[in-house]
Structure formats: C-alpha cells, structure tokens
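K.L.:
Sharing a structure with you now.
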C-alpha cells in the first residue's frame with residue numbers, strides 16, 4: 001500500500017486503541033455518574049418541595065392575619081351594638097355581626113386546608129431529605145471505591161491521545177477528513193479490511209458488510225496510493241497483514257516441460273499439463289448485479305454450513321459467466337430480485353455445471369504411452385504393387401510410396 005493508506009491504517013489502529021480505553025473509562029465511571037445524576041435529581045426535587053412548602057406557609061400566615069383582623073372587627077361591632085339607642089340600630093348591628101361571622105368561617109375553612117397542605121408538604125420534605133442523605137453517602141462510597149480505577153484509566157486515555165493525534169497528523173487533509181467523517185458515522189469503524197473467502201479464487205469481500213468487491217481491488221490497494229471505498233458501506237478499504245500478495249493473488253504453476261527419450265522402435269513423453277480455465281464474467285451493470293447476487297447467495301450457504309457450488313449463469317440466452325451460490329434455485333431467485341431492485345429487464349437462467357467428462361478409455365490412453373512415429377505412420381499393405389514397392393496408408397487416405 002502507498003504512504004497515505006499506510007498512514008490511514010496507523011490512524012485507524014491508534015483510534016481503535018484510544019476508543020477502547022475511553023470505553024473502559026466510561027464503563028468504570030458509569031456507576032459514579034449514574035449515582036451523581038440521581039443525587040442531583042433528588043436535590044432539585046427537594047428544592048422544589050421546599051419552595052412549595054414556603055409558599056404554603058406564607059399563605060397560612062396570611063389566613064391567620066385575616067382571621068385575627070375579622071375577629072377584631074366583630075368585637076368592635078359587638079361593642080357598638082351595646083351602645084345602640086333603639087331597636088333598629090341594634091338589629092342592624094346584629095345583621096352585620098352575623099355577616100362578618102359567616103365570612104370569617106369561610107376564611108377559617110380555607111386556613112385549615114392550607115395548614116393540612118403545609119403538614120403534608122413538611123412530611124414530604126423530611127422524607128426527601130432523608131433519601132438525599134442516603135444517596136449522597138452511596139455516592140461517596142462509590143467515589144472512594146472507583147477512584148483508583150478511574151485514575152488509572154484516565155492516565156491510560158491521556159497517554160494514548162498523543163499517539164492518535166500524531167497518527168492523524170501524518171494523514172493528508174483529504175484522507176483525514178474522510179476518516180473523521182466515517183468514524184463519526186460508524187462509531188470509530190471507519191475502515192474495513194478486505195477478505196478472501198475462497199483461497200482458490202481471486203474474489204474479495206468487504207470485512208464489514210461482506211459485500212463482493214471488484215477483482216482488481218487488491219492490485220489497486222497494493223500498487224496505488226488512492227483511497228478505495230467499499231461500494232456498499234462506503235468504508236475505507238485496506239489490506240490486512242494476514243493477506244500478503246502470495247496468498248491474495250493466485251500464481252499459475254509453471255507448466256511441466258516435456259521430456260522425450262527415444263528408444264529403438266518406441267517413443268515416450270510426459271503428458272502436457274491442462275491449460276488454466278479462465279472463467280467469463282459479466283461487466284458493467286450486469287456484472288454489479290451478478291456479483292451482488294453471488295455475495296448474498298454465498299453468505300447464505302456459509303450461514304447454513306454448506307459449501308457454495310459453481311453455477312453457470314445465462315442472460316438472455318447468452319453465457320454471462322460462472323458464479324457461486326448456495327443452490328441453483330437460490331442464486332436464480334436472488335438474481336431476479338436484484339434485477340427487480342435495479343429495474344433491469346432480461347431473462348436470467350442459472351444452470352448447474354456438468355462434471356468434467358472422463359478421458360477416453362482407449363488402450364493408448366490407459367497405457368499412457370502415445371503411438372510411435374512408425375505406428376502413427378502408414379501400415380504396409382499386404383499384396384503390394386509389383387516391383388517390390390510398398391505403399392503407406394496415412395490417416396488422410398493418400399498413398400505415399402516408400403523405397
């Protein structure tokens with residue numbers, strides 16, 4: 001990989017280590033934070049209850065003053081009633097006294113209700129105060145128990161932060177912006193290693209979303225210094241350490257050299273190795289549809305504990321390539337679903353690949369020795385032409401005279 005991708009991998013590993021340490025610190029301090037939040041909530045509730053209690057007490061005090069004022073007014077009316085000059089004045093004072101008493105009774109009823117509310121509020125405040133004191137003691141206990149752990153993890157996070165910043169400084173701004181954006185989106189999982197599920201084939205998948213990748217993705221990452229993104233999840237791809245070139249790229253075995261030794265009347269040779277099979281694959285939009293269908297069907301086979309089978313795919317009656325899948329029916333169903341999803345019309349057929357035919361069981365094939373030049377040549381005909389000449393009869397039926 002190029003320097004940019006190498007710097008991104010270093011940043012990814014440093015960021016993963018920093019996030020893991022931060023997660024451990026958060027987990028260790030979580031109980032303390034929860035208890036602290038509980039104490040804060042109880043404190044707010046207690047303050048609100050105390051404020052309401054003061055309001056009720058003030059209201060009760062106003063009612064008490066109002067009752068005293070009304071009692072004084074009634075006493076003055078009674079004194080004036082005693083000094084009435086005639087019966088009419090006496091009756092007038094009596095009516096006014098009775099009216100004042102009715103009003104006073106109403107205020108007294110309200111004052112009793114307020115006093116009951118004050119008493120209830122005082123009980124609630126006392127209960128909340130006791131609960132708050134207990135929660136504060138729990139908080140102090142948790143802080144004393146987890147103090148050493150939090151300090152150790154805090155120092156670990158502080159020690160990893162410079163390494164992360166140094167790794168980020170080594171990445172170009174464009175790559176760093178892309179990394180930060182993806183790290184925020186995927187909670188730190190901004191990059192994904194490519195995988196090779198089948199070591200016999202040059203087929204690669206994204207390690208995060210398990211979607212199929214183009215065949216030359218390894219060459220792009222290995223020989224270039226460009227950012228390569230997964231077409232499905234858009235994570236930045238990189239080559240893991242356990243996927244070196246000798247494992248990722250299949251090397252063709254050297255063809256065995258033919259050795260021939262001539263003996264009197266016979267010729268022996270080593271059979272030539274069969275040529276490598278180059279499978280055809282669709283390109284363009286059809287290639288994307290078939291690759292996506294293959295990835296989904298292969299994952300289904302792996303999840304079911306089955307070995308993917310090789311199948312032939314025809315599009316509109318023409319060979320589109322050989323792809324792997326769980327079964328013929330499953331791959332065909334996935335391809336048609338992908339076609340409907342992509343709004344592509346066509347006729348897709350999935351056929352099973354027939355087994356390779358066995359070599360002919362001829363005597364020469366069984367013996368493993370080809371016919372010699374004399375045997376492949378002409379056979380001497382009995383009753384040859386006169387004059388001692390013999391004629392050879394080759395495979396094409398033309399007689400060639402021989403001395």
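K.L.:
Which order do the peptides 28-35, 319-326 take when ranked by the mean count of other beta-carbon atoms within 10 Å per residue, highest first?
P.N.:
Working: 28-35: 14.6, 319-326: 20.4.
Packing proxy ranking, top to bottom: 319-326, 28-35.
K.L.:
Determine the gain in length on full extension of the stretch residue 127-residue 342; use 0.36 nm per residue of separation and subtract their C-alpha separation, reporting nm with one decimal.
P.N.:
On the way: separation 215, 0.36 × 215 = 77.40 nm, distance 6.56 nm.
Length gained between residue 127 and residue 342: 70.8 nm.
K.L.:
If a/c stays under 1.5 just call it rounded; otherwise compare a/b with b/c (prolate if a/b is bigger, oblate if not). Do that for segment 3-167, with a ≥ b ≥ c from the square roots of the Cα gyration tensor eigenvalues. Please report the intermediate quantities before stating the final value.
P.N.:
Numbers: a/c = 8.22, a/b = 4.62, b/c = 1.78.
It comes out prolate by the Cα gyration axes.
K.L.:
Once R0 is set to 45 Å, what does the formula 1/(1 + (r/R0)^6) return for the Cβ-Cβ distance between residue 329 and residue 28, expressed as a FRET efficiency to the nearest 0.05? Before the final figure, lay out each step's value.
P.N.:
Numbers: r = 53 Å, r/R0 = 1.17.
Rounded to the nearest 0.05, the efficiency is 0.30.
K.L.:
Answer rounded, prolate or oblate for segment 172-249, using the Cα gyration tensor with square roots of eigenvalues a ≥ b ≥ c: rounded when a/c is under 1.5, else prolate when a/b is larger than b/c, else oblate.
P.N.:
Numbers: a/c = 2.29, a/b = 1.63, b/c = 1.40.
Note, shape of segment 172-249 comes out prolate.
K.L.:
Once you order the gyration tensor axes a ≥ b ≥ c over the Cα atoms, which shape class does segment 279-355 get: rounded for a/c under 1.5, otherwise prolate or oblate by comparing a/b with b/c? All intermediate terms of the calculation are to be shown ahead of the outcome.
P.N.:
On the way: a/c = 1.82, a/b = 1.29, b/c = 1.41.
The shape class here is oblate.
K.L.:
Here's a follow-up. Which distance in nm do the two modelled labels at residue 94 and residue 75 give, with both placed 7 Å along the Cα-to-Cβ direction?
P.N.:
Each label point is offset 7 Å from its Cα along the Cβ direction, giving 2.4 nm.
K.L.:
Turning to a different aspect of this structure: Based on the mean of other beta carbon atoms within 10 Å per residue, what is the order of 1-7, 222-228, most packed first?
P.N.:
Per-residue Cβ counts within 10 Å, averaged per peptide and sorted highest first, yield 1-7, 222-228.
Throughout, read-outs are computed from the coordinates displayed, never taken from laboratory work. All of these numbers come straight from a predicted model, not from anything done at the bench. With ideal geometry, Cβ positions are generated from the backbone for all residues, glycine too; neighbour counts draw on all protein chains shown.
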